[in-house]
1. Using the heavy atoms of the protein chains and a 1.4 angstrom probe, tell me the accessible area per residue for the chain in square angstrom.
2. What dipole magnitude, in Debye to the nearest 20, does the chain give about its Cα centre under +1 on Lys/Arg Cβ and -1 on Asp/Glu Cβ?
3. Can you pull the percent of the chain's accessible area that's carbon plus sulfur, 1.4 Å probe, other chains left in place?
4. Got a sec to turn the phi values of segment 273-286 into Karplus ³J(HN,Hα) couplings, 6.51 cos²θ - 1.76 cosθ + 1.60 with θ = phi - 60°, whole Hz, x for Gly and Pro?
5. Normalising by the residue count of the chain, find the relative contact order in percent from Cα pairs under 8 Å and 6+ residues apart.
6. Could you list the trypsin sites (Lys or Arg not before Pro) in segment 275-308 that lie in coil according to DSSP, counting only those with at most 14 other Cβ atoms within 10 Å of their Cβ?
7. Would you mind checking which residues have amide H under 5 Å from LYS121's amide H? H placed 1.01 Å from N; only 5 or more apart, or other chain.
8. Where the only charges are on Cβ atoms (+1 Lys, Arg; -1 Asp, Glu), what is the dipole of segment 27-141 about its Cα centre, to the nearest 20 debye?
Amino acid sequence: MLSKEDNEILTHSAAGTPMGELLRRFWLPVLLCEELDAPGGTQKRVTVLGEDLLAFRDTNGRVGLVEPVCPHRGANLYYGRNEEGGLRCVFHGWKFDVDGNCVDLPTAPCHSNYKDRIKIKTYPTREAGGFIWAYMGPADKMPELPQMEFTLLPASHVFVSKKWQDCNWVQCVEGAIDTAHFSFLHMVIPKEGQDVASLLQHAAIGSQSVKNDRIRWVQEDPRPKFEINEFPAGLTIGGARIAGEQDLYWRIAQFLAPNHALVPSAFPGENYHGQTWVPVTDTSCWIYNYTWNPDRPLTEEEREACRKGLTVHAEIDENYYPLRGPHNDYLIDREAQRQGSFTGIQGVSEQDAAIQNSMGGIVDRTREHLGATDIGLVKFRQYMLKRAKALASEGQEPAEPGCAAHYAVRSGGWVADAGKKLEQVMVERFGHPYGYVGADLRQAAEKVQS
Ligand code: FES
Ligand SMILES: [Fe+2]
């Protein structure tokens, strides 16, 4: 449970709020690259952290993210022309480049330098991993892009998508790091002799990697024991379930500050998945999803499965809105719910969305009754509130933006001897207590740390 005040600090992200300022210290995905495909193509409205912005790709291929209000008399540049090297307001022809400079002011006298004093507000952008990222914080605090593994791989190894969600971003993050809910929300109840993995596959809530044993362990032990370790970029959240007499089945998620989480399912060789939640308003967000394989290109079959909404991806329309959403009660099938699907809703992503949205735009955390399996999200809240308050009251900058190399971590599953601590399990599974990827990146991260 949280106080009303802390719930507000945690969930409000407008400029000037403690969490809003904290989020503005980090690079955030604001579009998929595919949304601004051609140089000189159509600009796109974007709302991020409550700010209405306009994104465009200029004729040189550079991406601008600008305040859409023309400084002349306030016309909206959404209606402007994306011309050679800049966006021109159609009211009186003032033209701006991706850095916000006024590069043409045709209404001023010929020899006037008036245009040199005119600027529009812009935010720096980068493209990596199929996302357009923006930095909305103070210029002198701009960090490197976080080196998340999927952003470092060739495009052939990665599939990215996004989907709309009608609730506050924090309850989505909490859903992702609360890995205990897998024993219920995403479960199926097989009939005698029925194969669980194929049932999950059929219900489009499993992946090819679903294995009967893992599903059985998750089903049979709904009380995972959690161990949580802090590392320079976030929190490692390990949930251990009984797997036979001697062993524990660990599902290890990674929370990466401020708004990313990596899924705890992958065993070595399998595809990895993660999500990033970016507030639009305080009661809506875009969820950016990524699936990657570090060792090989994804197959066409795997890409098609992602498009069809397997794992973290949802089935979406051309505007990235889920086909099964609150507008149609997620097409809940009560008969399927009676016959073996725990929810009667198709798709892991849709099941998560249904429940997270059902809690309201911003869930009232003063009324909760938390238990032992909620420890991951309790730590997450403490982590975020501590940093937001320290920045707001003491001007203490968060350390994580300066730890770009530490974002190169993996999450995943492992079966280990029951006597092992999370740190030992991480070394067994990933070769490193924080789950760093590959020797090169490990060295880079250690260098940053020292
Ligand atoms: S309002 Fe944009 S040029 Fe006049
Ligand atoms: Fe879930």
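1. 43 Å²
2. Working: 47 positive and 59 negative charges, 131 e Å.
It comes to approximately 620 debye.
3. Working: 9930 of 19520 Å².
Of all accessible area on the chain, carbon and sulfur atoms account for 51 percent.
4. 9, x, 9, 10, 10, 10, x, 9, 10, 6, 10, 7, 7, 9
5. 19 percent
6. Passing sites in segment 275-308 are LYS308.
7. GLU67
8. Values: 14 positive and 15 negative charges, 66 e Å.
So the magnitude is around 320 debye.
The values are calculated or read from the model by the stated rules, or taken from the named source; none is laboratory data. Computed from a prediction, not measured in an experiment: that's the story for all the values here. Counting neighbours? That spans all protein chains shown, and the Cβs are built from the backbone with ideal geometry, glycine included. Each accessible area value is taken on the protein alone, full model and side chains, heavy atoms only, with ligands, DNA and RNA left out. Shrake-Rupley method; radii C 1.70, N 1.55, O 1.52, S 1.80 Å.
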